[in-house]
Structures are given as C-alpha cells and as structure tokens.
Amino acid sequence: MSYKPDSLFSLLEQINVSLFLPHIQRPFVWDEDQMRRLFDSLMRNYPIQTFLFWRTKDEIKARRFMDIIDWDVDLSDFYDAVKSQQDQEKVLVLDGQQRIQSLRAIFRGGIRDVETQHVREAYVDLTSGVRDTGDDLRYPVTFASESLEVPHYRIADLLSRDAQKNAEEIADRVNDALDPRLSEQPDERKARQKQIRRNVGQLVSLLREDKYFWIQQLDGVASEYVYKTILDIFVRVNSGGTKLEASDLMFAAMKEGWGDIEEAIEDAVELLNGTNLQFDKTFALKCLLITEGQGAEASPEKFTGPGGPPLLASIERNWERSELAFRELRDFMMQDLKVFADKVLRSYNSFIPLFDFLFHNPKPDERSKALMRAYHYKAQLFGWFSQSTDTLVNSLHTVVGKPCTAGFPLEEIKDYMRSSRGQAVELQVYHLRENRLRFILLNLIYVDKIGTTPFDVKYKGNEPHVDHIYPRHALRTRLSLASGEVNHLGNYRFVGATDNIRKRGEFPASYFTRLKASGVDIEKHLLLPAFSRDPSRLAFDVDTYRDFRDSRLQAIWEIASRVVNAEMDGQRTEQLATS
C-alpha cells in the first residue's frame, strides 16, 4: 500500500486513460452546490480528504468518468470493454468518485443543463475571496453556457489557452482588461489587482503542484488483494467507517455479473413502497434468494463464491417472473390489505412467503386471496415473525415455494406454526383485549367495513389517531370506571389528527349527532345500526356505555374472526357471546 501526493493536472490526465471507476460504484449524485463547496474548500486551502485507489489486472468492469456531467445517463454506456479484461492494468477509484468527477467537470468539462441540454462550463470571479458571497462561500463557481466577461475566468482555460502561461501572466491579462473599465480609488485598484493575482496563483498551484491531493493506493499488481477484501474495504470506506448492510456488499458483488440488478431491485422496492411503507433492498434480495432455493439469509458469500455466477444468471433469467410477483404483491397490499402505514405492521418479513407463493402461483383466485389475507393478519397479530425470521421463511418455502393446485396452503402453514413453533394460529377473544394490537385490528375493521384505510391520507400529519368514542377522562372521573373498561377495543375508533384535536372531550351523543347532521357516515365508526340511526341514544351513563361498548365489540369480533379465521368459514363467530 502506497501513500503519496499528486497534482490535479496529473489526476486529470489519468482519467479514462489509466484511472477508472469500478462497476461497484454508484452513479454520480452530487449536485451543483456540493461541487461549488468542493472548489471553495480548495481555494481556501482546506483539506478534502484522501483518495483511495486500487491498482489491479483483474477482470473487473471498468467504467469511464463522464466528460460532461449528466445526471440522467445509462451507466452501461460508460464501460470500457478493453480495460475491463483480465491482465489489463488499471487503477480503480474506491473512494473519491464524487470529488474527482466534480474536479473534472470544473477544470476540464462542464455540466449538461437538464432543460436546454446545453453544456455549462465553470467560471470563477477572480475578484472574489475577500468576504462570503452567500451560502458560506467565498469563491462561488458559476456554471454558464455562454462566455462570461472579466472578472469571471473560465477555469478550463488553465488547461487550454493558458496551459503554457504562468500565474503572473494570466493575472496581468485580467487586470489589464479590468483597469480601464472600473472607476476605483488607487487603494481599491491595488487591492483588487492583488486579490486577482492571489486567486490566479491559487488556481495554478491547485492544478500544477502536488501538495493538495493525497492518494492511498492498494497495489493489487505487486501484492495480493482478493476481490472479496476489496469489496469489504469499498463498503467500509463509503460508509464513513461503519460497515454497511449485507445488501450493499452483495450488490457490489452482483454487479460484476449483472450491472442492472441494483436498479432493477430499487425499482421493485419503490413499487412496494408506493403504499407509504419502508421496504428495503435487503427484503427484495431475500425474496429473490428464497425463490431460487438459496435460503433467505442475505450473505455476500452467496454471490462471491463459486455458486455466485450461476445464481446471478438464474436471478437474471427469472427476473421477468420475479418482477411480476413483486407487482402482484404490491397490488395485494394495496387492494386487498389496504396497508398504508408501519403502525399496522409488526413485521415486513411476513411478506416474503407471500412473494414466494405468488412467484410460483401467479394470479391467485379470490379464495386464495382470502386465505392470504388471513395468513397476513395471523402473522401480524400472533407475532409469527418476531424471531428466527430467516429460519421461518426457509421452512415456509417448503410449503408455499411450489405450485399449489389447491390454492394458498394456509392449513399447512398453521400446522407448522402450531407444531414447530407453538404459536397461536386462530383469532381468539383474548386477542381483542390486547391493547398493542388495536391498530392492526381497527385497520382490519375499517378496510372490511368501508373498503379503505384511514391511513391513506392526503396531508402529512393527518394520519389517524386511536380515539375513545366515549371520552376517556370523563369515563374515569364522572363514571368512575377502571382503565380496563375504558381502554377497550369496543370503545376505540380511528379519527384524523386534525379532527381529534377539534373533538376534544365532547360527549358522543352530541358529537355524532353533529357529524350525522353534516352528512358524515357515522356507521363506519359506530358499526351498530341502531346507534348510527339515532346517535342521541349514546347517553353518558354506565349501563348505556357498557351496552354500546360490548355490542360494538361483538360486531368487531364478527368481522375480525371472519377475516382472520377465513379458513374456518365462520365457525368461531359466536365465540364472543358464549365466552
């Protein structure tokens, strides 16, 4: 390993000749402001951290830097077929892509305007640097598609028209051009000329002297650096010294065989998160691994070992089928489950067996969808995926990861969860009394009753709150009821955050009478037709409260048990009344 300084001129000359980007690098993501701040730091003599390079002759896909920065490009267009070959020596940037690409754009290239597609080149005001010009910058760069007049200087001229000139010659030319144009006092003119000489001197020094840019190079030609070690180093240095998740390292390994895999999976994750959820790439990778029969454990070794190339080839070959399964899973979540919030989920991994089933059994019929819904609610309510998740997913793969001619195999899943895990598999009355499940149960009721979820809100901050129909404070202080009677699913409903604030402690008879008069469908909240037709019956006394609460809990039970115990065809709907 070597550690040495280099000049910016030398770095720019090496770009796309011997210096390339490895395929594991992501696209260029810096914006113009970040590029300006880099230049400002260099003009102030601030350090910009060391670059990390890897010299190798291995067969690694080498990607060229952009001559002109374009944020909407196909990275596959930039791969160098010759340099990517075995025994072709190249130096690959492991850490420093954003800085080096920015420097290339400022000193030798430009950026492409998103709207006009014109190339804009970098100019610096050579009189700047005396004070901040805004945004904490002293030396702001202007990107322009047309030439700017002095005191603006086209930075790329340092490598073209002014390549053979020293700093004094360049500064004199700029000062000579400005002197007759400006009306200045002698002291002002002297200060301005001095500042221009200082700025030009710094620009020339940045370009030609080897004291600003330091390179740490892993020499894979003279020493042995196996690819797996390089991948681990790459992930660590690009995460500020903290090891990233396994998915990041796996993508680095996988890109060698299929350069578009990360983009494909990111699209799938974005699709799933269209319901305001937080699926990540590791989830998608687990889905792919399980359908390939490789187990749900997301480990880089699966892609870096001997089995990596055939596994990746199979994933790529089956991608159309996998993409369809991701789309069907997303449609099932949106249209059947109406899942729009983390609050109604206890595990994301419970969706992996659903993906596995859809991969092998696309376009399930309505009966299978009903059983899939039942599986989902059982998994969430009973905490099936609260521990040993990968082991559970692998076990369920033997049940769902094949063509299931009889439909979704919920009974087989229940048998496994009951016998091997000792888990609850059917909704019981006591589940309705578990306060931590109220979000899931209430969401189920609203989805079944009105066909949508209160969490599908247009305005951020108006996500529903759990609200007491009979006000909690009044029940405890005026009717002297204990918490167990007050904090009760039969007394809970969802209400938007804004409405909840407005409602305050209003009694239910008054509140729901007012809502009904304004045209609101109050039955979706009350569930009981008798009280919905005449909300004035919601008198504030112990007997009326208990009658309403318990009757409403019976209605909740009938809906929830029908959905969660769908495989039982309603056999348990009378349990509440007899318990």
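Bear in mind that the values in this text are calculations on the coordinates, not laboratory data. Remember, it's a predicted structure, so these values are computed and weren't measured experimentally. Cβ sites come from the backbone with ideal geometry, for glycine too, and all protein chains shown count toward neighbours.
Round to the nearest 0.05 the FRET efficiency obtained for Val82 and Glu366 when R0 = 60 Å and r is the Cβ-Cβ distance. Working shown, then result.
Values: r = 57 Å, r/R0 = 0.94.
The value I calculate is 0.60.
The local environment of Asp162, defined by Cβ-Cβ distances under 10 Å, has a net charge of +2 under the rule Lys, Arg +1 and Asp, Glu -1.
Summing Lys, Arg as +1 and Asp, Glu as -1, what charge do residues with Cβ under 14 Å from the Cβ of Ala191 carry, Ala191 excluded?
Details: positive: Arg131, Arg189, Lys190, Arg192, Lys194, Arg197, Arg198; negative: Asp179, Glu184, Asp187, Glu188.
Net of charged neighbours comes to +3.
So if R0 is 56 Å, what FRET efficiency would Asp31 and Leu515 give, r being the distance between their Cβ atoms, rounded to the nearest 0.05? Show your work: numbers first, answer last.
Numbers: r = 48 Å, r/R0 = 0.86.
The pair Asp31/Leu515 has a calculated efficiency of 0.70.
Annotation: amide H-H contacts under 5 Å for Phe408 (H modelled 1.01 Å from N, sequence separation of 5 or more, or interchain): Ser368.
Express in nm, to one decimal, how much length is gained between Lys449 and Ser145 on full extension, taking 0.36 nm for each residue of separation and deducting their alpha carbon distance.
Values: separation 304, 0.36 × 304 = 109.44 nm, distance 5.94 nm.
Extending this stretch completely gives an extra 103.5 nm.
Here each label is just a point 7 Å from Cα along the line to Cβ, and for Asn276 and Met334 those points are 1.5 nm apart.
Taking a point 7 Å out from the Cα of Ala191 in the direction of its Cβ, the residues of segment 102-146 whose backbone N falls within less than 11 Å of it are 130-131. Partner aspartates and glutamates whose Cα lies under 17 Å from the Cα of Lys57, excluding those fewer than 8 positions away in the same chain, are identified as Asp80, Asp87, Glu89, Asp219, Glu224, Glu256. Full extension of the chain between Glu224 and Ala177 gives 11.3 nm of extra length, using 0.36 nm per residue less the Cα-Cα distance.
From the Cα gyration tensor of segment 362-449, with a ≥ b ≥ c the square roots of its eigenvalues, which class applies: rounded if a/c is under 1.5, or else prolate if a/b is larger than b/c, or else oblate? Each step should come with its number before you reach the end.
Values: a/c = 2.15, a/b = 1.26, b/c = 1.72.
Since a/c reaches 1.5 but b/c is at least a/b, the shape of segment 362-449 is classed as oblate.
Looking only at the chain, where both bridge partners belong to it, what percent of the DSSP beta bridges are antiparallel (to the nearest 5)? Don't skip to the answer; put the middle values down first.
On the way: 28 of 38 bridges.
So the antiparallel bridges amount to about 75 percent of the total.
GluC sites (Glu not before Pro) within segment 113-183: which are DSSP loop residues with at most 13 other Cβ atoms inside 10 Å? Could you put the intermediate results ahead of the total?
On the way: sites: Glu115, Glu121, Glu146, Glu149, Glu168, Glu169; in loops: Glu115, Glu146, Glu149.
Taking segment 113-183 and a limit of 13 other Cβ atoms within 10 Å, the loop GluC sites (Glu not before Pro) found are Glu115, Glu146, Glu149.
Rounded to the nearest 500, the 222 nm mean residue ellipticity of the chain from helices alone is -13500 deg cm²/dmol, with -39,500 (n - 2.57) taken per DSSP H run of at least 4 residues.
For segment 390-480, chymotrypsin sites (Phe, Trp or Tyr not before Pro) meeting the loop criterion (DSSP other than H, G, I, E, B) and having at most 16 other Cβ atoms within 10 Å: Tyr459. Our summary gives the chain a relative contact order of 11 percent, counting only alpha carbon pairs under 8 angstrom and 6 or more residues apart. Working note: Karplus 6.51/-1.76/1.60 with θ = phi - 60° gives segment 159-175 the couplings 10, 10, 5, 9, 4, 9, 9, 8, 4, 5, 5, 5, 5, 4, 4, 5, 5 Hz, where Gly and Pro are set to x.
Taken about its Cα centre, the chain carries a charge dipole of about 1960 debye when Lys and Arg each add +1 at the Cβ and Asp and Glu each add -1 at the Cβ.
Once the piece of chain linking Ser388 and Glu297 is laid out straight, how much longer is it, given 0.36 nm per residue of separation minus the C-alpha distance between them? Please list the in-between numbers first.
Values: separation 91, 0.36 × 91 = 32.76 nm, distance 1.08 nm.
Between Ser388 and Glu297, full extension yields 31.7 nm more.
Anything over 22 Å Cα to Cα? Flag those among Lys449/Lys516; Lys302/Lys414; Lys61/Lys302, in the order listed. Table pairs above 22 Å Cα-Cα are Lys302/Lys414.
Is the C-alpha gyration tensor of the chain telling us rounded, prolate or oblate? Criteria: a/c under 1.5 is rounded; beyond that, a/b larger than b/c is prolate, otherwise oblate.
Oblate.
For Lys402, what charge total do you get from the other residues with a beta carbon under 15 Å from its beta carbon, if Lys and Arg give +1 and Asp and Glu give -1? Once positives and negatives cancel, what remains is -2.
Modelled spin labels at Asp70 and Ser347, positioned 7 Å past Cα toward Cβ, are 4.7 nm from each other. Using +1 at the C-beta of Lys and Arg and -1 at the C-beta of Asp and Glu, which of Ala167, Ser483, Leu444 has the Cα lying farthest in the positive direction of the dipole of the chain? Of the candidates, Ser483 comes out farthest on the positive side.
Using the Cβ-Cβ distance between Glu59 and Asp547 with R0 = 56 Å, the FRET efficiency computed as 1/(1 + (r/R0)^6) comes to roughly 0.15.
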